[in-house]
Amino acid sequence: MSDSTSERARLIPAIPSGSRQYGATAENDEITRDTMSSFVVNNVAGESGRKLPQYIAGLAASGGALAAGTFLGWTSPAEIPLVRDSEYGFTITTEQFSWIGSMANLGAALMCFPIGIMMKLIGRKWAMLSMVLPLVLGWALIIWASNVAMLMVGRFFLGIGGGAFCIAAPTYTAEIAQSSIRGTLGTFFQLLVTVGILFVYGVGAAVNVQVLSIICGVIPIAFGLIFFFMPESPHYFVEKNRYDDASKSLKWLRGSRYDERAEIEELKADDAKMREEKITFVQGFQQKSTIRALIISLGLMFFQQLSGINAVIFYTNSIFESANTGLNSTDATIIVGSIQVAATLLSTFIVDKAGRRMLLMVSDFFMAVSTILLAVYFQLKQSDPAKVADLGWLPILAVCMFIAMFSIGFGPVPWLMVGELFANNVKAYASPLAGVFNWLLAFLVTKIFASLVDALGSAGVFWLFSGFSLLGTVFVFFIVPETKGISLQEIQQLLGGEKNASSAPPASGLNNPAFDENKTEAQ
């Protein structure tokens, strides 16, 4: 769950640039040349666009990621006080808390398609601002909960708001940014999700669940107050033929001295191309490249969630409590959250150097090693607790390794590849489909985790997770292509098995079993 080069951050990537002019004629060719000339002069003069306003808008939009991170991390510090200590004054069973923890995933899955429609109808900015309402409502229900049902409904509303941000915020940041900083702005979302989780771990160590929930409820309100003053995406204004508004938006984002005319013409051309290439849902999934991209994307989402990541994040406190590590479980979760933030930050620097496929395989393999260590620890503890009396460090090491490996590979890369594998004319259908699948799997894992522990024991559950991670490593090796260093058009050619796919440069790292068929056809 984690979508930055994230997570859930790549559900709807930026509209690709194009060179064809919108409605080009002999007369407006001259206008275009004048516009481009003015734009070039602007660059020579050092006025190619200010970056600071774009960073401000990107960070403001990613405030929604911080809000999403808080509801993802809330269950870990809340479980023991609510279930064991009955802090809210009413009984909550382990089974009921599994519903409380997992309801947010259902809410998030529900919003994957509607938020895309909302962004088209009312714009990226107002679609995100409207999500403040379900977030505030969700936290209000949790803060003043008098029964389990209120907690469950509150978590559901938090999922609606947070899940919507996982699509809307990356879309907005990609559309407002110039290409030179688009990658950097794209990392903000996943990074702030992990910061939100760490924030909840830290605050949860110092206050009770109700106060923690109040503090978390302030975050979406602060987001709304700040983001209200940010501009709408210029892409949206161009889609609606509101070119004056698009110009004002670009002036805000690039600086008042920026000549925005060439960029607006490019956006017009991109919009015209997208309209021309638009196809139906059925037509899109009749293409060989789309089918293969869907298999790869859903496979990555499946193994991402079945690695046990949400179970580990949601129940970190319980794992350390069960392990009797000797370290305060709250302190342990803060350590884990810090590692997650650091590893996510590291992944932003190495994903374009190491390659997607290599990061995925290394990540999944060592996640399997981590869950095997946890399984061995709990199995030894079950047979004879004295055997693990001096091994309190082992579950800490295993969980830290698991979180670090997930954060540099299987956390952000599947979401990144969703944006790369699907053609532009099917992304509107396919990307939300991958998102729904991911959130539903997250719901399944978090819901049945407690039941699995009861049925299989802690050791059995982690043996199961390690098996899925090993299968995921095999899946990546045989099925997942390397997309580093090749264009989106070349990726579609390779997935479609076109003969000219062999023109892909050797440096792209396509010598893997996933493209054996393409190579054979290309000979």
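Here are a few things to note about the model shown:
- When residues in segment 285-301 are screened for being of a type in the set (Ser, Thr, Tyr) and open to solvent by 10 Å² or more (accessible area, probe 1.4 Å), 1 of them pass.
- Unique residue being open to solvent by less than 10 Å² (accessible area, probe 1.4 Å) and not acidic (Asp, Glu) when the list is 348, 344: 344
- All conditions in (1) more than 17 Å from the chain's Cα centre (by Cα); (2) within 23 Å of residue 192 (Cα to Cα); (3) surrounded by fewer than 24 Cβ atoms within 10 Å (Cβ to Cβ) hold for residue 106, with the sole exception of (1).
- One residue from 404, 434, 386, 442 being small (Gly, Ala, Ser), farther than 18 Å from residue 298 by Cα and in contact with a helix residue (DSSP H, G or I) (Cβ under 8 Å, 6 or more places away or on another chain): 404
- In the set 217, 255, only one residue is in contact with a Lys or Arg (Cβ under 6 Å, 6 or more places away or on another chain), more than 29 Å from residue 408 (Cα to Cα) and not acidic (Asp, Glu); that residue is 255.
- In segment 353-381, the residues that are closer than 16 Å to residue 413 by Cβ form Cβ pairs under 6 Å with partners that are small (Gly, Ala, Ser) and crowded, with 24+ Cβ neighbours inside 10 Å, at six or more places apart or across chains, as follows: 359/409; 360/409; 363/409; 364/469; 364/472; 367/307; 367/469.
- Restricting attention to segment 397-422, the residues that are at pLDDT below 80 and open to solvent by 20 Å² or more (accessible area, probe 1.4 Å) add up to 1.
- Only listed residue being within 23 Å of the chain's Cα centre (by Cα), at pLDDT below 95 and on the phi > 0 side of the Ramachandran plot, chosen from 116, 123, 159: 123
- Candidates 339, 335, 350, 396 - the one that is farther than 24 Å from residue 484 by Cα, under 21 Å from the mean Cα position of the chain (by Cα), of a type in the set (A, V, I, L, M, F, W, C) and not in a loop (DSSP other than H, G, I, E, B): 339
- Of the residues making up segment 435-457, those that are closer than 30 Å to residue 116 by Cβ and open to solvent by 40 Å² or more (accessible area, probe 1.4 Å) are 437, 440, 444, 448.
- Close pairs (9 angstrom Cβ cut-off, 6 or more residues apart or separate chains): within 14 Å of residue 232 (Cα to Cα) in segment 50-71, polar (S, T, N, Q) anywhere: 54/173; 54/178; 57/173; 58/173; 58/184; 61/173
- Exclusive hit being under 26 Å from residue 70 (Cα atoms) and open to solvent by less than 10 Å² (accessible area, probe 1.4 Å), set 197, 214, 226, 219: 197
The values are calculated or read from the model by the stated rules, or taken from the named source; none is laboratory data. In this text, all values refer to a predicted model and were calculated from it rather than measured experimentally. Using ideal geometry, Cβ is built from the backbone for each residue, glycine included, and neighbour counts are taken over all protein chains shown. The accessibility values were calculated without ligands, DNA or RNA, using every heavy atom of the protein model including side chains. Shrake-Rupley method; radii C 1.70, N 1.55, O 1.52, S 1.80 Å.
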